[in-house]
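One structure is given here, and the rest of the page talks about it.
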Amino acid sequence: MKSTRYSLPAGSSGWVQIRGAREHNLKNLDLDIPRDAFVVFTGVSGSGKSSLAFGTIFAEAQRRYFESVAPYARRLLNQVGAPDIDSIQGLPPAVALRQSRGASSSRSTVGTITALSNVLRMLYSRAGLYPDGAAHLDSDAFSPNTVVGACPTCHGQGVARTTNEALLVPDPTLSIREGAIAPWPGAWLSKNYREILIELGYDIDVPWQEMSREDRDWILYTDEEPILIVRPVRDPNKPQETYRGQWISVEKYLFTTFAKTKSEKQRTRLAPFFVSGVCPTCEGKKLIRAALDVTFEGYDIAELNEKPLEQVHAILRRAIENEGRGHLSGAQARSGAKASVAESLGLDLLNRLNSLLSLGLGHLTMDRASTELSSGELQRLRLATQLTSGLFGVVYVLDEPSAGLHPADAQALYGALRELITAGNSLFVVEHDLSIASRADWIVDIGPLAGVDGGQIVFNGPPEELRKHPESVTAQFMFPGEKPLPHEPLAPSGWLTLTDLTKNNLKNITARIPLHVMTAITGVSGSGKTSLLTEILERHARADGEDLLANKRVISIDQKPIGRSPRSNLATYTGLFDGVRQLFAQTPEAKKRRFSASRFSFNVKGGRCETCQGEGYIRVELLFLPEDFSPCPTCHGTRYNPETLTVTYNGLNIAEVLAMSVKEARAFFEEPAAIARALDALLDVGVDYLTLGQPATELSGGEAQRIKLATELQRPLQDDTIYILDEPTGGLHPANVRDLTGVFRKLVGAGSTVVVVEHNMAVVAAADHVIELGPGGGDAGGRIVAASTPRELAENGESRTAPYLAEYF
C-alpha cells in the first residue's frame, strides 16, 4: 500500500527503519518510525500490531542484546527468537512492559515489584524510633522474606499452622494401643512409638481420657527427646533383640513430617490434623518482634505496608514537612543525622509514590500480593518503576497500558507516558484507547482487518493526518461523523437485591441488580467493581432454595486460560472439533480404511504423528541455551501421520482444516448446523482471525474470555441466566467493542441478564442500567455513587464518569 512520507515530529532524532517484516501475519512490511517520540500502534484485534511492536521491533532489540552476552550467561535469560525480518536500522536498546504476570508468588507484592519495600525498610532501619536500649537492626530485619526478619513461628507468612488435642486424639475413648493418636502412621513407626512409651513407663492400654493431664501433655507436646534401649519382644522364652529408639512428641512428629515429606499422599493424610489461623507470635504481621517494635510516625512497618499508597504518601509528606519546621511528629524525636536520613529516604519514597498515584494506583497497598493484581495494574506498576529509573535513550514497548483504567485515570496515564519521552526515550505503544492514540506524536495503523486480511500498513504518520484515510477502521472511530442515536434502555422485569456487601473495600452497601437487562458496573480504578461481582458469585454459591439467586443460572466468564497445554485449542474447547472429526470419519476414504472419528484426534494414538505425539513440534535442549522448539521433522508441524492426512473432506485434510481461520472455516462449513452455529458464535465475539488449531497457550486473556462467551452462545439461551463478565473489552479495538456490545444486546434480547464491569464508555452507554462505585479508589471507594440509566448518569454532577459518558448523548 502506497503511503505518504511525513516529516519527523518535533524532538525526534531520526528514524527506526524497518525492512521486510514478515512475523506472523505481517505482509513483508517496509516502514520508518520516529525515535524519541510517542508512537502508537492501532488496528483491529488480530491485525498484527503486537507482531510488529513486540514480535519484530522488541524481539530484534533483544536479539542484539543477547549477542553481546557471554554464551554461558545467555542460558539464564528468557530469550526471544529472532524475528522474521530483513533488517532494522536506527533501533536503540528496548525495554518491554507487558501485561504478562510472570511467576506467581505470595511473597511478590506491590512493594517488592516497585522497590518501595527496599526504601521503606531502609527508612525504618536508619530513621525509625527504637525502644530504649534496643539494638539497631539492619534493613533485612524488616523483611519477612529474610531469615533474620521472618517471624520464626510462621516463617514470614503471617499464617501459622497449629494443632490441638482434639485433632490429635479425635476419639479419647480409645487407648494408645487401639490407635488413639491419629497422626501416627501404621506399621513399624507407630509400633516404635508405642514401644518407647512402654519403656518410659506409660500404660498404653488405658483409654486416653483416663490418663492424667500431665501424661497426655507430655506425650503430645514435650520438647524432651529421650533416647533409650527398646525391647520389642518381651517373651522370656524368645531371644531378646533390642535397638536404640528416640522419642519425639506427637506434635513434633506431625510438623516435622509435614514439612519434610515429598509425598503428596502423606501431606494429604496429615493436613486434617492442622488448623490454620493468624500467627499467634507476630499477629499476622510476618516479622520478628524486634522489628515490629520500631516505629515511624507512630506506625510499625507492617501497619504502613497495609495502608493504601495514597495514605502512605500523606503520612510521609506530613513527616517531612514537620521535620523541615523542626516539629516533633508522632511523639518521635530524631537526632540531626537521623532527621537528615529520614528526609532523604522519605523524599525518595515520595518520588516513587508520586509516579504510582499518577497512574491511578493509589488504592493499592504495599503488601498486596502480585497474584491479586490485574494484568493492567501489574504493567502500570512496572511503568511507575521505569519513571524513576533514570534510563535514557531506550525504546519502551508497552502493551495497552490503559487496560483496566477508567477514563479519568487514563488522563493521568498519558502524562506519565509523556514523562518517558521528556527523559529522552522512545515510546512504542500498542493501544486501543483512542483518547491516548489521538494525542500521540505518530500512529502506525495496521490492517485493514485481522488475521490473513491484516498485516498491512494502512497509515503511518501524525494522528491528525489519519483523518484523510477513511479506509482505516481506526479513523472511523477516532474521527466519527454523525453520532448514532442513543440506545433506548429496556425496563427490568425485576430486581436482585444484595444487602450488607462488605468484601474488600465495599462499605456495607446494598446493590440492586435489574433482571433481563444489561447492567454496566463502572467507577475509577480500585473503587470496588470486581469486589461487587465477586459478591454476586459467592452469594449464588451459597444461596438456599428460598433465595432468588438460587433460582438463577449464574455464569462467570473470566479471562483465565482455556487450557494450559498446546493440546487445548479453540476447536477442542468449543466442541466444534468433535463435529469436524465426525465429518472426516464419514468420508468414503475413511470408511474404506475403517477410520473412526478418534483417528482424526491428535491427542490419541492411531492417527497422530508419534514422533511429536501430536504436538506438531519437538523440544530441543541446547548446551548453554534455553530449550528451543522446532517443527517436528516427521510431520512438519501437521500433528498427524501420512495415512491420516490422505483422507480429505471437500479437498482439505484435517491438518489444513485446523490451519483455517474462523472466518475461512465458516465459509467452508455450511453444514452441519452444529459446526456452523459454533463458528457463528466465534464470529459474533470478534475472534474471526484466530485459527481453529490455535493453541490455548498463545491466546490472550481477552481472547480466552471471548471464546468462553462464544461457547455459551452455542447453547440454548435461558431467561433465568445471569452472565457476569469482568472487563470483556480488554484488548479490543473500538470496532470489536461495537460487535461485542451487539452480542450482549442479543443475550438480553433472548431473556438473559448481563452484568459487566467496564471502563469503556461505549459499552456503558449501550447498557440499560449503570451502577457507579466510588467516589475514589481503595478506602475512598466502595460506595454506590449512582444507579441509573446511562443518560441519567451522564447528567449527574456528582459522577466522575459523567463527563466521559456525556459524549455519547
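The values are calculated or read from the model by the stated rules, or taken from the named source; none is laboratory data. Here the structure is a predicted model, which is why all the values come from computation and not from measurement. Note that we place each Cβ from the backbone using ideal geometry, even for glycine, and neighbour counts take in every protein chain shown. For accessibility, only protein heavy atoms count, side chains too; no ligands or nucleic acids. Shrake-Rupley method; radii C 1.70, N 1.55, O 1.52, S 1.80 Å.
Numbers at a glance
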| read-out | value |
| --- | --- |
| Checklist (1) farther than 30 Å from Pro514 by Cβ; (2) open to solvent by less than 30 Å² (accessible area, probe 1.4 Å); (3) in contact (Cβ under 8 Å) with a residue 60 or more places away in the chain applied to Ala585, failing item | (3) |
| Selected residue (criterion: farthest from Arg269 (Cα to Cα)) from residues of segment 180-223 that are of a type outside the set (A, V, I, L, M) and in contact with a strand residue (DSSP E or B) (Cβ under 8 Å, 6 or more places away or on another chain) | Glu199 |
| Where Arg564 falls short, out of the listed (1) part of a helix (DSSP H, G or I); (2) in contact (Cβ under 8 Å) with a residue 24 or more places away in the chain | (1) |
| Listing of helices (runs of 4 or more DSSP H) fully contained in segment 85-199 that carry 3 or more residues being under 30 Å from Val39 (Cβ atoms) | 110-114 |
| Filtered residues of segment 521-554 (kept if open to solvent by 40 Å² or more (accessible area, probe 1.4 Å) and either touching a Cys at 6+ places or on another chain (Cβ under 8 Å) or part of a loop (DSSP other than H, G, I, E, B) (or both)) | Arg542, Asp544, Gly545, Glu546, Asp547 |
| Among (1) touching a helix residue (DSSP H, G or I) at 6+ places or on another chain (Cβ under 9 Å); (2) hydroxyl-bearing (Ser, Thr, Tyr); (3) at pLDDT below 90 - the single one Thr638 does not satisfy | (3) |
| Filter result for Gly494 (within 23 Å of Leu405 (Cβ to Cβ) and modelled with pLDDT of 90 or more) | no |
| All positions within segment 440-463 that are surrounded by fewer than 18 Cβ atoms within 10 Å (Cβ to Cβ) and modelled with pLDDT of 95 or more | Pro462 |
| Matching option when the condition is more than 25 Å from Ala403 (Cα to Cα) and either among the charged types (D, E, K, R) or without any contact (Cβ under 8 Å) to a residue 24 or more places away in the chain (or both), among Glu670, Glu698, Glu703 | Glu670 |
| Members of segment 567-579 found to be surrounded by fewer than 22 Cβ atoms within 10 Å (Cβ to Cβ) and in a helix (DSSP H, G or I), listed by number | Thr572, Tyr573, Asp578, Gly579 |
| Residue within segment 656-665 that is open to solvent by 60 Å² or more (accessible area, probe 1.4 Å), under 30 Å from Leu496 (Cα atoms) and either among the hydrophobic types (A, V, I, L, M, F, W, C) or in contact (Cβ under 8 Å) with a residue 24 or more places away in the chain (or both) present | no |
| Residues satisfying the stated conditions in segment 210-225, i.e. in contact with a helix residue (DSSP H, G or I) (Cβ under 9 Å, 6 or more places away or on another chain) and within 20 Å of Thr173 (Cβ to Cβ) | Met211, Arg216, Asp217, Ile219, Leu220 |
| Test result for Ala333, open to solvent by 40 Å² or more (accessible area, probe 1.4 Å), of a type in the set (Gly, Ala, Ser) and either within 30 Å of Gly133 (Cβ to Cβ) or at pLDDT below 90 (or both) | yes |
| Among (1) over 16 Å from Asn460 (Cα atoms); (2) open to solvent by less than 10 Å² (accessible area, probe 1.4 Å) - the single one Ile33 does not satisfy | (1) |
| Subset of segment 200-234 that is among the β-branched types (Val, Ile, Thr) and in a loop (DSSP other than H, G, I, E, B) - its residue that is farthest from Val250 (Cα to Cα) | Val233 |
| Residue list for segment 518-548, restricted to those being within 19 Å of the chain's Cα centre (by Cα) and of a type in the set (Lys, Arg) | Lys529 |
| Criterion (at pLDDT 95 or above and open to solvent by 30 Å² or more (accessible area, probe 1.4 Å)) met by exactly one of Arg75, Arg19 | Arg19 |
| Residue that is modelled with the lowest pLDDT, among those in segment 499-515 that are open to solvent by 20 Å² or more (accessible area, probe 1.4 Å) and not in a strand (DSSP E or B) | Asn504 |
| Condition check for Ser374: surrounded by fewer than 17 Cβ atoms within 10 Å (Cβ to Cβ) and either out of contact with any Gly (no Cβ under 9 Å at 6 or more places or on another chain) or not aromatic (Phe, Trp, Tyr) (or both) | no |
| Output for segment 36-55, where each listed residue is more than 18 Å from Asp453 (Cβ to Cβ), assigned to a helix (DSSP H, G or I) and open to solvent by less than 10 Å² (accessible area, probe 1.4 Å) | Ala53 |
| Complete set of residues in segment 568-600 that are closer than 22 Å to Ala704 by Cα and of a type outside the set (D, E, K, R) | Ser568, Asn569, Leu570, Ala571, Thr572, Tyr573, Thr574, Gly575, Leu576, Phe577, Gly579, Val580 |
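Residue by residue, here is whether (1) buried (at least 20 other Cβ atoms within 10 Å of the Cβ); (2) under 31 Å from the mean Cα position of the chain (by Cα) holds:
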residue	(1), (2)
Ala271	no, yes
Cys282	yes, yes
Leu292	no, no
Thr295	no, no
Gly298	no, no
Gln311	no, yes
Ala314	no, yes
